[in-house]
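Here the structure comes first, spelled out in structure tokens, and everything after it is commentary.
The values are calculated or read from the model by the stated rules, or taken from the named source; none is laboratory data. Here the structure is a predicted model, which is why all the values come from computation and not from measurement. Using ideal geometry, Cβ is built from the backbone for each residue, glycine included, and neighbour counts are taken over all protein chains shown.
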Amino acid sequence: MADSHRFQFHDFKSGGALHVKVQAGAKKTEIAEILDDGTIKIRLTAPAVEGKANYALIEFLSKILKVKTSSIEIVGGSRSKDKLITVTNISVEQIELAIQNAVKFYGWTIGPIALPKIFNGAVWIDSTA
């Protein structure tokens, strides 16, 4: 991962939002990488048919973030690889920490994830910090 990559979140009073790029039909379910624009690339074993990948994504994020599936919603891109996900009842800091912990626990290699920086009300995770 290049030093210019950012881990991007948006902070709301009751939760946060993150950008996700999904690769359905993969060999295993995992966080694959952080893209140049801050999008989190996630591989899923579920196929991209009849909403199976979307359901698997919500289940996966629920497990990683330790929140109920009802707290996670795909608000944009439900029929696309590129999705906007909102998560309620969790802070941006908790989302970032949960992803860091999952990466360490599962041994995924996605490059460094740094602590958040506040920028005009949004929280940006900057890997150059």
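Structure data summary
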read-out	value
Top-ranked residue of region 109-129 - restricted to ones that are part of a loop (DSSP other than H, G, I, E, B) and among the aliphatic types (A, V, I, L, M), ranked as modelled with the highest pLDDT	Ile110
Region 74-108 - residue that is in contact with a helix residue (DSSP H, G or I) (Cβ under 8 Å, 6 or more places away or on another chain), within 18 Å of Arg43 (Cα to Cα) and not polar (S, T, N, Q) and, of those, modelled with the lowest pLDDT	Trp108
Residues located in region 72-108, provided they are in a loop (DSSP other than H, G, I, E, B) and in contact (Cβ under 8 Å) with a residue 24 or more places away in the chain	Ser78, Lys81, Asn89, Ile90, Ser91, Trp108
Every residue from region 72-101 that is touching a Leu at 6+ places or on another chain (Cβ under 8 Å) and small (Gly, Ala, Ser)	Gly76, Gly77, Ala98
Hits in region 58-90 (condition: crowded, with 17+ Cβ neighbours inside 10 Å and not hydrophobic (A, V, I, L, M, F, W, C))	Ser71, Lys83, Thr86
Enumeration of residues in region 38-53 that are within 13 Å of the chain's Cα centre (by Cα) and at negative phi	Thr39, Ile40, Lys41, Ile42, Arg43, Leu44
Extreme residue, modelled with the lowest pLDDT, among residues of region 30-57 that are crowded, with 19+ Cβ neighbours inside 10 Å and of a type in the set (Val, Ile, Thr)	Ile34
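Residue-wise test of (1) closer than 21 Å to Ser70 by Cα; (2) touching a residue at least 12 places away in the same chain (Cβ under 8 Å); (3) in a loop (DSSP other than H, G, I, E, B).
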position: Gly16; (1), (2), (3): yes, yes, no
position: Gly25; (1), (2), (3): no, yes, yes
position: Pro47; (1), (2), (3): no, yes, yes
position: Tyr55; (1), (2), (3): yes, no, no
